[in-house]
Amino acid sequence: MEVNTIGQSLAKKQKEEIADKIKLFTIENDNGTKLVASNYGAAVVSLFVKDKSGNLSDIVLGYPQITDYVTDDFYVGTVVGRYANRIADSKVLINERPFHLSVNGEGYHQHGGFEGFNKKLFSAEPFKKDKESGIVFTYISPHLEEGYPGELTLEVKYTLTDNDQWKIDYKATTTQDTLINLTQHAYFNLSGDLSKRVDEHDLKINSEYYLPVNKFQLPTGELASVDNTPFDFRQFKTIGKDIEKKDEQLSISKGYDHSFVLKDQTSGELKLAAIVTDKITGRKMEVYTTEPAVHFYSGNFLHNVNGKDGVKYNERSGFCLETQHYPDAPNHHHFPSTVLKAGKIFNSQTIFSFSTE
Ligand code: BGC
């Protein structure tokens, strides 16, 4: 048997074994806005939002079958952790003690390892209140899972409000000091036509500095001014406007795949991070977060991916605005700390707020 065929039959077996355990949860408000989430990876598999004429369309990328998330390589719609983004050499010191994390990148650790939270079955508890409803997903990550110390109890709460906000509340506790940096990895396409590219979406990011990367896409440690660079999104501009410009940083990551330091975000209060609009459908998404950075990823590595409704996803079929701490923070002492101490509670909130104009 060829290596590839072995891989495929393993994946098939894995999918069959887990199929009965994967469940979908639908939350809908009176406007017709509807979010469908899976207990596998806490993945948001669909998000139906109205355009300016009142037509509902699905504005997030997703797979045709719920078991396809088992073999996903792109973190489509999932929660990423324990540490979203990259950690150099897969090594960290916590309280001066070295920990070796799984090496699932080229020497580096990425998105929580081989089986990060995106590959975990969460327990799920739906809830309904007066003006909002949602689901609380829970997962207990064992001590030393993917190399991280401490048993981590994670709660991710998705709420859909009557005013079309998708709220994400993360809460975590640990039995030993550990690292945490969580994000939601939805790929948005506000056009509602997932076969279209997102180049024409207008984007504004509340950021004056971004984090340049080396050839492995690890931060160099510098906070570079966006002034006079393709990374200047202080005023609205289309995602496609500067993306093809000759620029070392853009060529390393084949487009935008960079963390932006959020202005005024020092206290962990909920602040506006970014706004995206699609002129044609009038859909507008505002992103609010308590996190100090947003990682803007323009879907550069999507290629020939089998998506929902027979659509193939390619580069820039969707974009991610991943709210989080800075990448590789444990190895850069001037970056905000990502250590979660035993006995403390980790809290983080991000809101994706939808409207039309
Ligand atoms: C990373 C990309 C990566 C993508 C899918 C993003 O968050 O920054 O480099 O290709 O996730 O794995």
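The values are calculated or read from the model by the stated rules, or taken from the named source; none is laboratory data. Predicted model, so just to flag it, every value in this text is computed and none were measured. Every residue, glycine as well, gets a Cβ built from its backbone with ideal geometry; the counts of neighbours run over all protein chains shown. Note: accessible area is taken over every heavy atom of the protein model, side chains too, but ligands, DNA and RNA are not part of it. Shrake-Rupley method; radii C 1.70, N 1.55, O 1.52, S 1.80 Å.
Those residues that are closer than 26 Å to Thr277 by Cβ, outside any strand (DSSP E or B) and among the β-branched types (Val, Ile, Thr), I need them from region 219-239; list them, please.
Step one: list which residues in region 219-239 are closer than 26 Å to Thr277 by Cβ, which gives 225-239.
Now restrict to residues that are outside any strand (DSSP E or B): 226-236, 239.
Within region 219-239, Val226, Thr229, Ile239 meet the criteria.
Consider Thr175 carefully, then state whether it is in contact with a strand residue (DSSP E or B) (Cβ under 6 Å, 6 or more places away or on another chain) and away from the ligand (no atom under 16 Å from the Cβ). Working first, answer last.
Values: in contact with a strand residue (DSSP E or B) (Cβ under 6 Å, 6 or more places away or on another chain): no; away from the ligand (no atom under 16 Å from the Cβ): yes.
Taking the combined requirement at face value, the residue does not satisfy it.
What pairs can you find where one residue is in region 132-148 and free of Cβ contacts under 8 Å to residues at least 24 places away in the same chain, the other is open to solvent by 30 Å² or more (accessible area, probe 1.4 Å) and part of a loop (DSSP other than H, G, I, E, B), and their Cβ atoms are less than 6 Å apart, with a gap of 6+ or different chains?
So the pair list comes out as Pro142/Glu151.
Among (1) open to solvent by less than 30 Å² (accessible area, probe 1.4 Å); (2) in a loop (DSSP other than H, G, I, E, B), there is one condition Pro330 misses while meeting the rest; what is its number?
(2)
Based on this model, can you work out whether Leu250 counts as surrounded by fewer than 18 Cβ atoms within 10 Å (Cβ to Cβ) and modelled with pLDDT of 95 or more? Lay out the reasoning, then the answer.
Numbers: surrounded by fewer than 18 Cβ atoms within 10 Å (Cβ to Cβ): no; modelled with pLDDT of 95 or more: yes.
It is false that Leu250 is surrounded by fewer than 18 Cβ atoms within 10 Å (Cβ to Cβ) and modelled with pLDDT of 95 or more.
Restricting to region 242-259, and then to whatever is within 13 Å of the ligand (Cβ to nearest atom) and outside any helix (DSSP H, G or I), can you tell me which residue is farthest from Phe74 (Cα to Cα)?
Once the filter is applied, the top-ranked residue is Ser259.
Can you tell me which residues in region 282-305 are of a type outside the set (A, V, I, L, M), part of a loop (DSSP other than H, G, I, E, B) and open to solvent by less than 20 Å² (accessible area, probe 1.4 Å)? Give the steps one after another, and end with the answer.
Applying the first criterion (of a type outside the set (A, V, I, L, M)) to region 282-305 yields 282-284, 286, 288-292, 295-301, 303-304.
With the extra rule that they be part of a loop (DSSP other than H, G, I, E, B), the set shrinks to 282, 290-292, 298-301, 303-304.
Hits for region 282-305 are Gly282, Glu291, Pro292, Ser298, Gly299, Asn300.
Please enumerate the residues belonging to region 1-58 that are open to solvent by 50 Å² or more (accessible area, probe 1.4 Å) and in contact with a Lys or Arg (Cβ under 7 Å, 6 or more places away or on another chain).
Thr26, Glu28, Asn31, Phe48, Leu56
Which number in (1) within 16 Å of the ligand (Cβ to nearest atom); (2) in contact with a helix residue (DSSP H, G or I) (Cβ under 7 Å, 6 or more places away or on another chain); (3) small (Gly, Ala, Ser) marks the one condition that Ser38 misses?
Status for Ser38: all satisfied but (1).
Quick check on my filter: what residues within region 199-237 are open to solvent by less than 10 Å² (accessible area, probe 1.4 Å) and hydroxyl-bearing (Ser, Thr, Tyr)?
Passing the criteria: only Ser207.
Could you tell me whether Thr153 is more than 16 Å from the ligand (Cβ to nearest atom), open to solvent by less than 10 Å² (accessible area, probe 1.4 Å), assigned to a strand (DSSP E or B) and not aliphatic (A, V, I, L, M)? Before you say what the answer is, go through the steps one by one.
On the way: more than 16 Å from the ligand (Cβ to nearest atom): yes; open to solvent by less than 10 Å² (accessible area, probe 1.4 Å): no; assigned to a strand (DSSP E or B): yes; not aliphatic (A, V, I, L, M): yes.
Spelling it out, it is not the case that Thr153 is more than 16 Å from the ligand (Cβ to nearest atom), open to solvent by less than 10 Å² (accessible area, probe 1.4 Å), assigned to a strand (DSSP E or B) and not aliphatic (A, V, I, L, M).
Of these, Val276, Val305, Val226, Val294, which one is within 16 Å of the ligand (Cβ to nearest atom), under 26 Å from Ile351 (Cβ atoms) and among the β-branched types (Val, Ile, Thr)? Quick ask: steps written out before the conclusion?
On the way: Val276 fails: within 16 Å of the ligand (Cβ to nearest atom); Val305 fails: under 26 Å from Ile351 (Cβ atoms); Val226 fails: within 16 Å of the ligand (Cβ to nearest atom).
When all the criteria are applied, what remains is Val294.
Got at least one residue in region 253-264 being farther than 21 Å from Val226 by Cα, open to solvent by less than 60 Å² (accessible area, probe 1.4 Å) and either in contact (Cβ under 8 Å) with a residue 40 or more places away in the chain or touching a helix residue (DSSP H, G or I) at 6+ places or on another chain (Cβ under 7 Å) (or both)? Steps first, answer last, please.
Quick first cut of region 253-264, residues farther than 21 Å from Val226 by Cα only: none.
Scanning region 253-264, I find no residue that is farther than 21 Å from Val226 by Cα, open to solvent by less than 60 Å² (accessible area, probe 1.4 Å) and either in contact (Cβ under 8 Å) with a residue 40 or more places away in the chain or touching a helix residue (DSSP H, G or I) at 6+ places or on another chain (Cβ under 7 Å) (or both), so the answer is no.
Does Asp130 meet the test of being in a loop (DSSP other than H, G, I, E, B), open to solvent by 30 Å² or more (accessible area, probe 1.4 Å) and within 15 Å of the ligand (Cβ to nearest atom)?
Details: in a loop (DSSP other than H, G, I, E, B): yes; open to solvent by 30 Å² or more (accessible area, probe 1.4 Å): yes; within 15 Å of the ligand (Cβ to nearest atom): no.
Answer is no for this residue.
Return the pair list, or none, for Cβ contacts closer than 7 Å from residues in region 328-354 that are more than 18 Å from Val156 (Cα to Cα) to residues that are hydroxyl-bearing (Ser, Thr, Tyr) and assigned to a loop (DSSP other than H, G, I, E, B), at least 6 apart or on different chains.
So the pair list comes out as Ala329/Ser337; Ala329/Thr338; Pro330/Thr338; Phe335/Tyr326; Pro336/Tyr326; Ala342/Thr175; Phe354/Thr33.
Every residue in region 306-327 that is open to solvent by 40 Å² or more (accessible area, probe 1.4 Å) and either of a type in the set (S, T, N, Q) or in contact with a helix residue (DSSP H, G or I) (Cβ under 6 Å, 6 or more places away or on another chain) (or both), please.
If we filter region 306-327 for residues that are open to solvent by 40 Å² or more (accessible area, probe 1.4 Å), which is where we start, we get 306, 309-310, 312, 314-315.
Residues satisfying the conditions are Asn306, Asn314.
Within region 169-198, track down each residue that is in a loop (DSSP other than H, G, I, E, B) and open to solvent by 60 Å² or more (accessible area, probe 1.4 Å). Spell out the reasoning first.
Just the residues of region 169-198 that are in a loop (DSSP other than H, G, I, E, B), to begin with: 175-177, 180, 182, 185-187, 189-198.
Within region 169-198, Thr175, Gln176, Asp193, Ser195, Lys196, Arg197 qualify.
Can you name the residue in region 71-112 that is closer than 15 Å to Pro327 by Cβ, of a type in the set (Gly, Ala, Ser) and open to solvent by less than 10 Å² (accessible area, probe 1.4 Å) and, of all such residues, is nearest to the ligand (Cβ to nearest atom)?
Of region 71-112, the ones closer than 15 Å to Pro327 by Cβ are 75, 80-92, 101, 104-112.
Those still in the list that are of a type in the set (Gly, Ala, Ser) too: 81, 84, 88, 90, 105, 107, 112.
Narrowing further to those that are open to solvent by less than 10 Å² (accessible area, probe 1.4 Å): 81, 84, 90, 112.
On the way: Gly81: 12, Ala84: 7, Ser90: 16, Gly112: 11 Å.
Result: Ala84.
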